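The values are calculated or read from the model by the stated rules, or taken from the named source; none is laboratory data. Just so you know, these numbers come straight off a predicted model, no measurement behind them. Glycine gets a Cβ as well: all are built from the backbone with ideal geometry, and neighbour counts include every protein chain shown. Each accessible area value is taken on the protein alone, full model and side chains, heavy atoms only, with ligands, DNA and RNA left out. Shrake-Rupley method; radii C 1.70, N 1.55, O 1.52, S 1.80 Å.
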Amino acid sequence: MLAALLKKIFGTKHQRDVKRMMPAVQAINVLGPELERLADAELRVKTEEFKKRVAEGAEVEDLLVEAFAVCREAAWRRIGMRHFDVQLIGGMVLHEGKIAEMATGEGKTLVATLPGYLNALTGRGVHIVTVNDYLARRDAQWMGPAYHALGLSVGVIQHEASFLYDPEYVTPDIRLAALRPCGRREAYLADITYGTNNEFGFDYLRDNMRFSLDELVQRDLNYAIVDEVDSILIDEARTPLIISGPAEESTDKYYKIDRIIPKLKKAATIVDGKLSEVEAQVEGDYIVDEKSKAVSLTEQGIATCERLLGIDNMYDPQHIETLHHINQGLRAHALFKKDVDYVVKDGQIIIVDEFTGRMMPGRRWSDGLHQAVEAKEGVRIERENQTLATITFQNYFRMYAKLAGMTGTAETEAEEFANIYKLDVTVIPTNRPLVRVNLPDVVYKTEREKFNAVTEEIIRSHEKGQPVLVGTVSIEKSEQLSKLLKKRGIKHEVLNAKYHEREAEIVAQAGRESAVTIATNMAGRGTDILLGGNPDFLAKELLRRKGLDPSTAPAEARQAAWQEAKKVTDPEHERVVGVGGLHIVGTERHESRRVDNQLRGRSGRQGDPGSSRFYLSLEDDLLRIFGAERIQRIMERLGMEEGEPIEHKLVTRAIATAQKRVETHNFEIRKHLLEYDDVMNKQREIVYGMRGEILDGASQAETIQEWTEDLASGFLDAYAPANVHPEDWDLAGLTEALYRQFDLRVAPAEYKEVTSRDALAELVRTAVTERYRQREQEFGAALARAIERREMLIVIDHQWKDHLLSIDHLKEGIGLRGYGQRDPLTEYKREAFDLFQDMVERIKTMVVERLFKLQLVRDLAFDVPGPAVWREARESRGETPSIGRQPAPAGPSRTPSGAKVGRNEPCPCGAKNPDGTPKKYKKCHGR
Ligand code: ADP
Ligand code: MG
């Protein structure tokens, strides 16, 4: 009561927002007449002038009034639409980085040009995000002339194509009229870039998998205006973008290396850290350090491996990976014991926890060790599909310096927008008063009765000439209704949101006399329904009837068709208005009120007459699951008879309550998912940030030195801890570790002089620094820097990929382990953090090892295109890998895609017979 009263006195927040902007609207209006007098060229010069002022330090805010006025004038001249005052307000809300709620048909496409133009003046780029490729193209072609007149460039990114808007570009296909094909990067360099959320997101992920700066297509993410923002940021928030590929480029190498391991001879095992053990290594290929679970190849060992594998230099950059795999193979054989460290079960290696002795299904050793053990045991090495890069829309769009959105339905989700995206919602009044009548819901006992009633209602409207748009919740329900209508001989169209372009044409005519259109939620979105029909779309149809292709027909024919269409639609418009405009029939209430409002909003645009009604039954999911009892009670009280519907405000209200409950529930699910994703998001930020810095060409020398020192002092702590008497130092272990890591041989004699730990630390530090300096001299500083960057990228990419695989497994396993009372999210966070720490350690170790060991035998190729599997990557919109989902049974007899392999088919490991033909499965891993 009080709230309502206060609202009366002070107005709602939205009204106050709008009021606050009125002076600016007036100021823009005042500039109108003056701008009208300018020649086209003079109008264009305004852009230059604005840009100059921005470059000289003016805030774009200060230019808002002038820029909006100029943009409005250009739109009027080139598109034939002059922004309404409410559209100016919408533009200001978008500029402020908020959500403008503007009803369907209010002209949001045009609204976006205002903040688009204003913010493009900084030259940092503006992205306008649409829900499908067709709309991205349409909006760029539609609004392009206004931007063009003002000297701004407009890019369009599509799935596998990109364009620049260029009115002079001639193409026989008018669907691509004025769209000149261009490179992806060029489209992103444009002042304004139109594209879908999917394409923007995938381009971001792809950019972060590139290996050189000039392959990147996106610039810094500056300002995004998201159209249909509720669909993109809320409905689609549950399905992240995923680029995936095989986990292994090839599993061959593990088997190949595994075969040579038994041929290598052990030189020594370091047991109690005696240096004599190191010295005794003259004969033999490798030394085992059991305490630190490490193995190192001796010089002789390196030579043996080179001979066995037919490699001329193991330290050649292209073979250094092999060296790593040999090391893992040696560890697998020498240090990891079956039934102690792991068990083999159903063709899989399952790790046994070293402390508890429990089996840890789903857990994997990193960095090729797991595969090495698989090869040793002769089980199949999975070439499973893994995530290579992934991001949710939440996290993608939160990276923009400024984010804004527009939609007809945002207010019901205002809390989520505020919480997750820090986006405020402002409701903009309609240009003309809304006169649509929303009739109260009708509820039936059974679904059958409901659909019969819907059919009758459609026929009633249809017969009096009124167009009807029927919304359904699924394709299945659409078909069901379609059958009923067919039986009654009613002509109708069915849309399933499958063919955006074709469905746009159909839905554009949903306002024609007696038209009946059945559509699922998403179908035909973004297309305006004009009462009496849309002459543009009708003209196309007329051309087709004449045997002409509307996309290539000559201009005169198109013009004539349009005139003809107009003759049809104008009088028809009057007649449809006369029978009450477009009638909306909902066949079920959606879980969210917002989606119902979207359906309703299709009618009553720009002051048109219209009506809407929802039909429900007690068998509908929403009522069954969430509100049945309460509604049943109301119905009993109202005395509902069998076969008779009820229609009462109380019911409508009870349903809204049920919807609110479901909305809250769904919000909780999305929030929960986001919490899981946040963990990965932070890690991704760190890794992508590091990559970006390296690609930018920043010197990494300092980082490398830091890592080198970290590693060296780590060895000191491990082999000569501060609290241990010098006599008990494990100098043999230390020596081997230094050799393994830095290719540095400390002669045992050198330790003779050393009596204190400080002296030992000094000895190690000097030796390592000297070694680093030596390496630098070998290469020369410039080349050394380049090699550092290159090696870092290679290792980071490999390790990140490996880490993502572990995370995939962790997510699957976390629900299976059973944590008693503990919260799986906390456990997930902790383990994901540990895995990340481990990865960072591995990156340090491997980068430094490679830098200290590799030798340039020939010119180094700098265009390494990332891990080979990235080239096989696939993009998809996946379900979020649900937490704790049962992992798919990974039988040993499956192809990478999971299909079963026939015994006579080629083995999925790719092995070949000596004559080059593929080995049969039964002769290889199927044995
Ligand atoms: P929305 O996206 O808000 O549903 P659209 O951008 O599809 O709306 O535009 C709806 C219709 O309104 C289009 O047919 C467009 O031509 C028309 N329109 C929008 N703004 C104006 C304007 N300022 N003057 C005239 N017509 C306009
Ligand atoms: Mg729209």
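Mind listing which trypsin sites (Lys or Arg not before Pro) in the range 719-778 are in a DSSP loop and have 15 or fewer other Cβ atoms within 10 Å?
In loop regions of the range 719-778 (DSSP not H, G, I, E or B), the sparsely surrounded trypsin sites (Lys or Arg not before Pro) are ARG745.
Could you list the trypsin sites (Lys or Arg not before Pro) in the range 287-369 that lie in coil according to DSSP, counting only those with at most 11 other Cβ atoms within 10 Å of their Cβ? Can you show the working numbers first?
Numbers: sites: LYS291, LYS293, ARG307, ARG331, LYS337, LYS338, LYS345, ARG358, ARG363, ARG364; in loops: LYS291, LYS293, LYS337, ARG358, ARG363, ARG364.
Answer by residue number: LYS337, ARG358.
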Item to check | Given charges at Cβ of Lys, Arg, Asp, Glu: the chain dipole, positive-most of TYR134, ALA656, GLN348 | outcome: ALA656
Checklist outcome for this item: Note on the range 553-699: contact order normalised by length, alpha-carbon pairs under 8 Å, 6 or more apart, percent, works out to 19 percent
Checklist entry - Applying 1/(1 + (r/R0)^6) with R0 = 45 Å to the Cβ-Cβ distance of THR755 and MET360, what FRET efficiency is obtained, to the nearest 0.05? => result 0.50
Next on the checklist: From Cα pairs below 8 angstrom and at least 6 apart in sequence, can you work out the relative contact order of the range 137-255, rounded to a whole percent?
Outcome noted: 20 percent
Next on the checklist: Multiplying the sequence separation of ALA722 and HIS324 by 0.36 nm and subtracting their Cα-Cα distance, what value in nm do you get?
Outcome noted: 140.2 nm
Checklist entry - Once both labels are modelled 7 Å past Cα along the beta-carbon direction, what's the ASP312-SER250 spacing in nm? => result 2.0 nm
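Given +1 on the Cβ of Lys and Arg, -1 on the Cβ of Asp and Glu, and no further charges, what dipole in debye does the range 410-481 carry about its Cα centre, rounded to the nearest 20?
Roughly 340 debye for the range 410-481.
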Next on the checklist: Could you tell me which residue out of HIS725, ILE686, LEU599 lies farthest along the dipole of the range 582-738 toward its positive end? Charges go on the beta carbon: Lys and Arg +1, Asp and Glu -1, centred on the Cα centre.
Outcome noted: LEU599
Item to check | Probe 1.4 Å, accessible area per residue of the range 61-107, Å² | outcome: 30 Å²
Next on the checklist: I'd like to check one number: the per residue accessible area of the range 583-625, probe 1.4 Å, reported in Å² as a whole number.
Outcome noted: 27 Å²
Next on the checklist: Quick check: at a probe of 1.4 Å, how many percent of the accessible area of the chain sits on carbon and sulfur atoms?
Outcome noted: 51 percent
Item to check | Dipole magnitude of the chain, debye to nearest 20 (Cβ charges: Lys/Arg +1, Asp/Glu -1, about Cα centre) | outcome: 3020 debye
Next on the checklist: Within 10 Å of each candidate Cβ there may be at most 16 other Cβ atoms; applying that plus a DSSP loop requirement, which GluC sites (Glu not before Pro) in the range 552-625 survive?
Outcome noted: GLU619
Item to check | Computed FRET value (nearest 0.05) for SER699 with THR122, which takes r as the C-beta separation and R₀ as 45 Å | outcome: 0.90
Checklist entry - In the neighborhood of ARG842, defined by Cβ-to-Cβ distances under 9 Å, what is the net charge if each Lys or Arg adds +1 and each Asp or Glu adds -1? => result -3
Next on the checklist: Whole angstrom only: what separates the Cα centroid of the range 481-510 from the Cα centroid of the range 741-780?
Outcome noted: 78 Å
Checklist entry - Taking a threshold of 23 Å on the Cα-Cα distance, which of the pairs LYS450/LYS477; LYS540/LYS566; LYS51/LYS422; LYS450/LYS491; LYS266/LYS376 fall above it? => result LYS51/LYS422
Checklist entry - Under the Kirkwood approximation for Rh and a Cα-based Rg, what ratio Rg/Rh is obtained for the chain? => result 1.05
Checklist outcome for this item: Projected onto the charge dipole of the range 670-749 (unit charges on the beta-carbon of Lys, Arg, Asp and Glu, signs +1, +1, -1, -1), the Cα from HIS672, GLY714, PRO748 with the largest positive-side position is that of HIS672
Next on the checklist: Charges at C-beta only: +1 for Lys and Arg, -1 for Asp and Glu. How large is the resulting dipole of the range 215-314 about its Cα centre, in Debye rounded to 20?
Outcome noted: 740 debye
Item to check | Euclidean distance between Cα centres, the range 83-125 to the range 427-461, Å | outcome: 32 Å
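Please compute the per residue accessible area over the range 366-437 with all protein chains in place, 1.4 Å probe, rounded to a whole number of Å². List each step's numbers first, then the result.
Working: 2440 Å² over 72 residues.
Result: 34 Å² per residue.
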Checklist outcome for this item: Relative contact order of the range 336-375 (C-alpha contacts under 8 Å, at least 6 apart) in percent is 29 percent
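Where Lys and Arg each count +1 and Asp and Glu each count -1, what net charge lies around THR122 among other residues with Cβ under 13 Å from its Cβ?
0
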